[in-house]
1. In terms of solvent-accessible area of protein heavy atoms at a 1.4 angstrom probe, what is the ranking of Glu231, Glu76, highest value first?
2. Taking only Cα atoms of segment 185-264, what ratio of Rg to Rh do you get with Rh as the Kirkwood inverse-distance radius?
3. Stokes-Einstein D for segment 149-306 at 37 °C, 0.692 mPa s, Kirkwood Rh over Cα pairs, in µm²/s?
4. Roughly how compact is segment 47-98, stated as its Cα Rg over 2.2 N^0.38 Å to two decimals?
5. Mind running the shape call on segment 124-187? Use the C-alpha gyration tensor, a ≥ b ≥ c as the square roots of the eigenvalues: rounded below 1.5 for a/c, prolate if a/b tops b/c, oblate otherwise.
6. So how do 83-96, 50-63 stack up, highest first, on mean other-Cβ count within 10 Å?
7. Does segment 16-173 come out rounded, prolate or oblate by the C-alpha gyration tensor, with a ≥ b ≥ c the root eigenvalues, rounded set by a/c under 1.5 and, if not, prolate when a/b is larger than b/c and oblate if not?
8. Kirkwood Rh, the chain, all Cα pairs: how many Å?
Amino acid sequence: MRFDIVADVHGHASKLTALLSKLGYKLKNGIWQHQDRTLVSVGDLIDRGPEQLETVRILRQMRDEGFALVTMGNHEHNAIGWFLTDPNEPSRPLRAHSAKNRNQHQAFLEAVGEGSPLHRETVEWFMTLPLWWETDGLRVIHACWHAREIAIMRNFVNQDASLTEDGIYASFAKGHPAHNAVEILLKGLEIALPAGVSFFDKDGHERTNTRIRWWDDVATTYRSAALVDPETTALLPDIELGPEDRLEYDHAASVVFGHYWLQGNPGLTDRRRLCLDYSVAKGGHLAAYQWDGEAELDPSKLVYVS
């Protein structure tokens, strides 16, 4: 029961290998490995960074040889939707090929060769990744451990929590319970702002909803809980969230996740819930947590490279 959970890599393979080395992993026969520890990835291997395929290759080889576990991030899920088409409308991709979506995914498409056999084979590997992973005392998921949505998804996943074929298609069908669940598990919990309150995102779109710091019990107001830039934060009302907007975590196990582009140096806000994503693709840190079975998370076990 010795696991090293690593945050979103986003195509920064060089920083991944630097972190692996710092964690005590060695490169043997072309594969990074540790004699008595297992790496666990929270997903988001791809998009943004300059070493897309190398990142996938490193973690895929480690997983194939039993030295790593890899969960699905929203970027792997997006890649599946970009590649697959609607079986009832074969000309329509499951994820729209809009300019915005293409721009987000372009680095991966260029690296893999859009439409190539390598593209297909890599996406097929993404389809084998579980939505979550858990063992006694530890849970790993990309964005949000939400018991209700996980219960829904148990009808759409295999025994290892990877999506079934029906589950894949359902997860892209807007309005379907599986789509709503995957949106929360892989992208986070989103709540409505109070009536009359909105903000404009970086693309100029008006937003009346916001994702929140569901893991932070101190973040009890719209201003403190919203995951937005500092300028937008200042515009939000400093009034208490409604009880229906709070996610009560059961604390039955520690949960480690990524996704949220946090800033500064990695640290704990909660002894049972830990976000590891500190924006490696935006000049931040690539972080990991070394878990050895402890009931409460220990800040001294955070490891990171800049």
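1. Values: Glu231 130, Glu76 0 Å².
Heavy-atom accessible area, descending, gives Glu231, Glu76.
2. Values: Rg = 13.0 Å, Rh = 13.6 Å.
In segment 185-264, Rg relative to Rh is 0.96.
3. Values: Rh = 17.6 Å.
Roughly 187 µm²/s, to the nearest whole number.
4. Details: Rg = 14.1 Å, N = 52, 2.2 N^0.38 = 9.9 Å.
Taking N as the residue count of segment 47-98, the ratio is 1.43.
5. Numbers: a/c = 1.77, a/b = 1.27, b/c = 1.40.
Taking the square roots of the gyration eigenvalues as a ≥ b ≥ c, segment 124-187 is oblate.
6. Values: 83-96: 12.4, 50-63: 19.8.
Top of the packing list down: 50-63, 83-96.
7. On the way: a/c = 2.10, a/b = 1.26, b/c = 1.67.
In terms of gyration-tensor shape, oblate.
8. Numbers: mean 1/r = 0.0502 Å⁻¹.
When all Cα pairs of the chain are included, the Kirkwood radius is 19.9 Å.
The values are calculated or read from the model by the stated rules, or taken from the named source; none is laboratory data. All values derive from a computational prediction rather than experimental measurement. Every residue, glycine as well, gets a Cβ built from its backbone with ideal geometry; the counts of neighbours run over all protein chains shown. Keep in mind that these areas ignore ligands, DNA and RNA; they rest on the heavy atoms of the full protein, side chains included. Shrake-Rupley method; radii C 1.70, N 1.55, O 1.52, S 1.80 Å.
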